[in-house]
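The values are calculated or read from the model by the stated rules, or taken from the named source; none is laboratory data. This is a predicted model, so every value here is computed, not measured. Using ideal geometry, Cβ is built from the backbone for each residue, glycine included, and neighbour counts are taken over all protein chains shown. Side chains are part of the model used for accessible areas, which takes the heavy atoms of the whole protein and leaves out ligands, DNA and RNA. Shrake-Rupley method; radii C 1.70, N 1.55, O 1.52, S 1.80 Å.
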Amino acid sequence: MIDGGEAIRKLALNVARYTGLAPLARPFVGGIGAILMLHRVTATPEKPDSVNRHLNIAPSFLDAVIADMKAGGYAFVSMDEAVERIKAGGKGGRFATITADDAYRDNMTEALPVLEKHGAPLTIYVAPGLIDGSAHLWWDVVEDIVKACDRLTLATSNGPAVIDCATPARKHQAIARLHAYFTTEVREEDLRTVLRGLAASHGVDADAPRLRTLMTWDEIRAVAAHPLVTIGAHTINHSNLKRLSEADARREIGAVKDMLRTGLGEEPSHFAYPYGYASAVGCREVGFARDAGYASAVTTRHGVLRAEHAGFLHALPRISVNGRYQSLAHIRTMLSGVTTPLANAGKMLVTV
């Protein structure tokens with residue numbers, strides 16, 4: 001199935017690249033640095049043909065990206081130092097910091113050796129609920145459910161909806177339908193219960209994806225002790241904060257600090273909004289993160305950092321390094337800053 005949005009993004013990247021616009025624009029729109037966003041980093045993904053395969057890059061590509069950026073003058077720094085450099089308006093030269101969402105085990109086993117090679121720090125954003133099981137990697141569970149059946153029934157506000165999963169094309173459509181179902185129709189507070197019920201009815205273990213791919217608390221404690229690693233917060237249950245009440249959203253953002261301090265012995269200073277796009281985080285949520293006392297908070301909005309972000313430390317954009325764009329040319333184009341306004345309705349300063 002062709003992703004129309006992905007096709008448009010790649011077209012824009014290629015136009016910027018082949019017209020020579022990116023290198024010409026970089027001195028004017030390249031900003032002061034960038035926050036790179038990772039999820040999985042492994043040479044051997046469990047499901048290489050997964051709908052979610054874009055969340056993964058190969059360690060060799062991460063190695064190439066860091067080497068290329070260093071050759072281009074980027075200094076790789078911790079999130080703490082990145083915040084200080086933003087506050088200083090980028091004095092000291094162009095910089096980058098690397099972040100990884102969800103605490104996938106391969107961040108420790110396959111990404112960290114690459115980072116050690118380059119002395120590049122990493123911030124891993126942890127959602128305790130994903131580690132404990134009060135939340136699930138539902139996007140992976142959905143794929144397992146669809147794979148396991150030829151037909152499934154969803155309880156909707158308009159009554160039962162029967163979904164055909166009999167063919168590969170229908171399975172793709174079913175996964176898209178379930179994504180919409182869990183992100184817009186099922187209440188955030190009910191997501192775990194509904195997901196587990198649907199999984200159980202089709203013989204699928206809803207815990208399997210997180211147990212197979214995420215770190216345990218012991219592993220998180222071990223990686224947190226590494227001098228290159230900082231642990232940040234990712235809410236308690238990887239919740240879409242915009243879909244929660246104020247009280248619940250504040251709890252997800254604030255109480256996670258106590259949970260991580262209890263589990264790891266240190267309170268996190270940095271935060272990442274789950275999902276991070278417009279329907280998951282806005283000005284309200286940014287205010288909650290600021291009130292909770294975090295030094296920074298990152299979204300998934302696409303963009304380079306600018307000196308003006310000193311006034312928006314709780315709404316920082318990132319550059320996603322993912323499987324859709326495993327090309328150094330694409331990364332160079334994104335870092336040039338030319339794609340920032342293309343992805344944000346002409347805005348150079350990306351916040352929320």
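Sort through Thr300, Thr333, Thr351, Thr262 and tell me the only one that's among the hydroxyl-bearing types (Ser, Thr, Tyr), touching a residue at least 12 places away in the same chain (Cβ under 8 Å) and assigned to a helix (DSSP H, G or I).
On the way: Thr300 fails: assigned to a helix (DSSP H, G or I); Thr351 fails: assigned to a helix (DSSP H, G or I); Thr262 fails: touching a residue at least 12 places away in the same chain (Cβ under 8 Å).
So the residue among Thr300, Thr333, Thr351, Thr262 that is among the hydroxyl-bearing types (Ser, Thr, Tyr), touching a residue at least 12 places away in the same chain (Cβ under 8 Å) and assigned to a helix (DSSP H, G or I) is Thr333.
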Inset, instruction - Report whether or not Asn107 is open to solvent by less than 40 Å² (accessible area, probe 1.4 Å), under 21 Å from the mean Cα position of the chain (by Cα) and modelled with pLDDT under 95. - result: no
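Of everything in the range 163-216, what is of a type in the set (A, V, I, L, M, F, W, C), surrounded by fewer than 18 Cβ atoms within 10 Å (Cβ to Cβ) and part of a helix (DSSP H, G or I)? Give them in sequence order. Break it down into steps so the answer makes sense when it comes.
Just the residues of the range 163-216 that are of a type in the set (A, V, I, L, M, F, W, C), to begin with: 163, 165-166, 169, 174-176, 178, 180, 182, 186, 191, 194-195, 198-200, 204, 206, 208, 211, 214-215.
Still in the running and surrounded by fewer than 18 Cβ atoms within 10 Å (Cβ to Cβ): 166, 169, 176, 180, 194, 200, 208, 211.
Answer for the range 163-216, where residues must be of a type in the set (A, V, I, L, M, F, W, C), surrounded by fewer than 18 Cβ atoms within 10 Å (Cβ to Cβ) and part of a helix (DSSP H, G or I): Ala169, Ala176, Ala180, Val194, Ala200, Ala208, Leu211.
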Legend entry - Flag if Gly287 is open to solvent by 10 Å² or more (accessible area, probe 1.4 Å), at positive phi, modelled with pLDDT of 95 or more and of a type outside the set (S, T, N, Q): no
Inset, instruction - Please indicate, with yes or no, whether at least one residue in the range 142-155 is touching a residue at least 60 places away in the same chain (Cβ under 8 Å), open to solvent by less than 60 Å² (accessible area, probe 1.4 Å), at positive phi and under 22 Å from the mean Cα position of the chain (by Cα). - result: no
Legend entry - Answer residue from the range 290-313, given it is among the polar types (S, T, N, Q) and open to solvent by less than 10 Å² (accessible area, probe 1.4 Å) and is farthest from Lys257 (Cα to Cα) among those: Thr299
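Got a sec? Which of Asp68, Asp144, Asp63, Asp106 is in contact with a Ser or Thr (Cβ under 8 Å, 6 or more places away or on another chain), in a helix (DSSP H, G or I) and not hydrophobic (A, V, I, L, M, F, W, C)? Don't jump to the end; show me each part of the working.
Values: Asp68 fails: in contact with a Ser or Thr (Cβ under 8 Å, 6 or more places away or on another chain); Asp144 fails: in contact with a Ser or Thr (Cβ under 8 Å, 6 or more places away or on another chain); Asp63 fails: in contact with a Ser or Thr (Cβ under 8 Å, 6 or more places away or on another chain).
The match here is Asp106.
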